[in-house]
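Trainee: Pasting a structure here, questions to come.
The values are calculated or read from the model by the stated rules, or taken from the named source; none is laboratory data. Keep in mind it's a predicted model, so treat the numbers as computed, not measured. Every residue, glycine as well, gets a Cβ built from its backbone with ideal geometry; the counts of neighbours run over all protein chains shown.
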Amino acid sequence: MEHYDIIIIGTGAGGGTMAYALAPTGKRILILERGDYLPRERENWSTEAVFKQKRYQAHETWYYNGEPFRPEIHYWVGGNTKMFGAALFRLREADFGEIHHAGGTSPAWPLGYQHFAPYYTQAEHLYHAHGQRGIDPTEPPTDGPYPFDPLPHEPRVAELKADLERLGYAPFPLPMGIKLGEGTGEAPYLPSTFDGYPDLTESKADAHVIAIKPAVQHDNVTLRTNRMVWELKTSADGRTVTEVHARHNGETEIFRADTVIVAAGAANSAAIFLRSESDKHPNGLGNRSDLVGRNYVCHNNATFLAISKESNDSIFQKTLAITDWYGPSADWEYPMGLIQMLGKVDETLMAFEAPEPLDGMTYAEMAAHSLDFWLQSEDLPDPNNRITVTLPTDKSGGF
């Protein structure tokens, strides 16, 4: 049985960044990742492969009200950041307080924005954030500029920005995590397909590229892939986690550590705790309150495609955002959320997103004239919106 100073479960935004921060300490660190390395291949940039065939999506079945569905979750080194759009927003000061929405109240955090602000700054530097301060009307206070200048707008997006400003709104450069080849001797990178896709060039600032790759260069850090952590075992008194049980190729592997960090994402972290039941923890580890897995929240997201009479030749339009309705506004007394541009919808994705062609246009014509937006509004905690797990005898597990 192997013993480590620290075990980190997960390599996504949380686990990957934690590994990067702890690697220089000299502590003996084991990182356990459920998936493998995402291959760099032609299909990375194929809309057909990524969105229609779901080539990189986990082959799992979860259940909602008894109905099965395939979750949009990705088990790779780097976690879901391998597929994210790399927009890097700070939460606003108001987000940490009590907020009244049309559907209910979002309770206040026990900590405020000021407690997290220094770490936001560190993260923006680590993840190559490109942006511009002082334009976003909801931007929280910061102690300095973004580490890199904002991405330039392509002509059609610059025209949209000017139109919005003439209407009295305040669009601003979308803060993006991306490596553009700014270093000495590096060729420039011109972004195209990575919003919702893996990035074949590894220019997107995902947790694998930015955090895990440098972390595993340290001799004291070990990464083991294809390890699904099933449960945590505790000391006899139930107060200290002493063992991590992971499944690999149908076998159980046991690892011990002085400190265990669970960073497997909101759903899977809850599942690990719920599966870790024992005499001392009959409802799952740390679940005396019966709150583990409850109050699950996820942003309410939607894609909005505006078909313009004017063509849109943009290759990468994910450079603009607007927060005029992020909080209460003249239009409505409740917060509505955030609008940001999407990378760019192509003909294949347009056919996938749109129920039918518009006014006799082909899907290719629609894509060539579309301005593509990502709409994001807040979800509210509900104790009945929860993660539960089944525990069959074969230990396959399920949500």
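Trainee: Would you pick out the residues in segment 312-348 that are within 22 Å of Gly177 (Cα to Cα) and loosely packed, with under 15 Cβ neighbours inside 10 Å?
Mentor: Initially, segment 312-348 is screened for residues within 22 Å of Gly177 (Cα to Cα), giving 314-323, 326, 337-345.
Scanning segment 312-348 gives a single hit, Ile315.
Trainee: List, please: which pairs have Cβ atoms under 7 Å, are six or more places apart or on different chains, and start with a residue in segment 194-205 that is in contact (Cβ under 8 Å) with a residue 24 or more places away in the chain and end with one that is buried (at least 24 other Cβ atoms within 10 Å of the Cβ) and of a type in the set (Lys, Arg)?
Mentor: Note: pairs meeting the criteria are Phe194/Lys204; Asp195/Lys318; Pro198/Lys82.
Trainee: Same structure again: Taking the condition surrounded by 15 or more Cβ atoms within 10 Å (Cβ to Cβ), at pLDDT below 95 and either in contact with a helix residue (DSSP H, G or I) (Cβ under 9 Å, 6 or more places away or on another chain) or part of a loop (DSSP other than H, G, I, E, B) (or both), does Ala351 pass?
Mentor: On the way: surrounded by 15 or more Cβ atoms within 10 Å (Cβ to Cβ): yes; at pLDDT below 95: yes; either in contact with a helix residue (DSSP H, G or I) (Cβ under 9 Å, 6 or more places away or on another chain) or part of a loop (DSSP other than H, G, I, E, B) (or both): yes.
Considered against the rule, which asks whether it is surrounded by 15 or more Cβ atoms within 10 Å (Cβ to Cβ), at pLDDT below 95 and either in contact with a helix residue (DSSP H, G or I) (Cβ under 9 Å, 6 or more places away or on another chain) or part of a loop (DSSP other than H, G, I, E, B) (or both), Ala351 comes out as yes.
Trainee: Test Val345 against the stated conditions and say whether it is out of contact with any Cys (no Cβ under 9 Å at 6 or more places or on another chain), closer than 26 Å to Gly104 by Cβ, part of a loop (DSSP other than H, G, I, E, B) and of a type outside the set (D, E, K, R). Walk me through it before giving the result.
Mentor: Working: out of contact with any Cys (no Cβ under 9 Å at 6 or more places or on another chain): yes; closer than 26 Å to Gly104 by Cβ: no; part of a loop (DSSP other than H, G, I, E, B): yes; of a type outside the set (D, E, K, R): yes.
Against the criterion (out of contact with any Cys (no Cβ under 9 Å at 6 or more places or on another chain), closer than 26 Å to Gly104 by Cβ, part of a loop (DSSP other than H, G, I, E, B) and of a type outside the set (D, E, K, R)), Val345 does not qualify.
Trainee: Taking segment 222-273, which residues are in a strand (DSSP E or B) and acidic (Asp, Glu)? Break it down stepwise before answering.
Mentor: Kept after step one, since they are in a strand (DSSP E or B), are these residues of segment 222-273: 222-224, 228-234, 241-248, 251-262.
Passing the criteria: Glu231, Glu243, Glu251, Glu253, Asp258.
Trainee: Here's something else I'd like to know. Quick check on Leu151: is it surrounded by 16 or more Cβ atoms within 10 Å (Cβ to Cβ), part of a loop (DSSP other than H, G, I, E, B) and among the aliphatic types (A, V, I, L, M)? Step through it out loud before you land on a result.
Mentor: Numbers: surrounded by 16 or more Cβ atoms within 10 Å (Cβ to Cβ): yes; part of a loop (DSSP other than H, G, I, E, B): yes; among the aliphatic types (A, V, I, L, M): yes.
So Leu151 fits the description; yes.
Trainee: Can you pull out the residues in segment 169-197 that are part of a loop (DSSP other than H, G, I, E, B), modelled with pLDDT of 95 or more, more than 13 Å from Gly343 (Cα to Cα) and within 19 Å of the chain's Cα centre (by Cα)?
Mentor: Result: Pro175, single match.
Residue-by-condition table, conditions (1) over 30 Å from Asp258 (Cβ atoms); (2) buried (at least 23 other Cβ atoms within 10 Å of the Cβ):
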| site | (1), (2) |
| --- | --- |
| Ala19 | no, yes |
| Thr25 | no, no |
| Ile31 | no, yes |
| Lys52 | yes, no |
| Tyr56 | yes, no |
| Pro68 | yes, no |
| Val77 | no, yes |
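Trainee: Can you say whether Ala23 is closer than 19 Å to Glu353 by Cα, among the small types (Gly, Ala, Ser) and assigned to a helix (DSSP H, G or I), as far as the supplied structure shows? Give the derivation first.
Mentor: Numbers: closer than 19 Å to Glu353 by Cα: no; among the small types (Gly, Ala, Ser): yes; assigned to a helix (DSSP H, G or I): yes.
The answer is no for Ala23.
Trainee: May I ask you to list the residues in segment 58-107 that are in a loop (DSSP other than H, G, I, E, B), touching a residue at least 60 places away in the same chain (Cβ under 8 Å) and on the phi > 0 side of the Ramachandran plot?
Mentor: Gly78, Ala86
Trainee: Same structure, new question: Would it be correct to say that Glu72 is charged (D, E, K, R), under 30 Å from Ala257 (Cα atoms) and either exposed (fewer than 13 other Cβ atoms within 10 Å of the Cβ) or out of contact with any helix residue (DSSP H, G or I) (no Cβ under 6 Å at 6 or more places or on another chain) (or both)? First the steps, then the outcome.
Mentor: Working: charged (D, E, K, R): yes; under 30 Å from Ala257 (Cα atoms): no; either exposed (fewer than 13 other Cβ atoms within 10 Å of the Cβ) or out of contact with any helix residue (DSSP H, G or I) (no Cβ under 6 Å at 6 or more places or on another chain) (or both): yes.
Considered against the rule, which asks whether it is charged (D, E, K, R), under 30 Å from Ala257 (Cα atoms) and either exposed (fewer than 13 other Cβ atoms within 10 Å of the Cβ) or out of contact with any helix residue (DSSP H, G or I) (no Cβ under 6 Å at 6 or more places or on another chain) (or both), Glu72 comes out as no.
Trainee: Among the residues of segment 256-288 satisfying the criterion of being crowded, with 17+ Cβ neighbours inside 10 Å and among the β-branched types (Val, Ile, Thr), which is nearest to Ile387 (Cα to Cα)?
Mentor: Result: Ile272.
Trainee: Additional query: Of all residues in segment 246-255, count the ones that are in contact with a Lys or Arg (Cβ under 9 Å, 6 or more places away or on another chain) and surrounded by fewer than 17 Cβ atoms within 10 Å (Cβ to Cβ).
Mentor: Total meeting the criteria: 3.
Trainee: Okay, moving on. Quick one: in segment 111-140, which of the residues that are free of Cβ contacts under 8 Å to residues at least 40 places away in the same chain and assigned to a loop (DSSP other than H, G, I, E, B) is nearest to Ala205 (Cα to Cα)?
Mentor: Going through the qualifying residues, I end up with Arg133.
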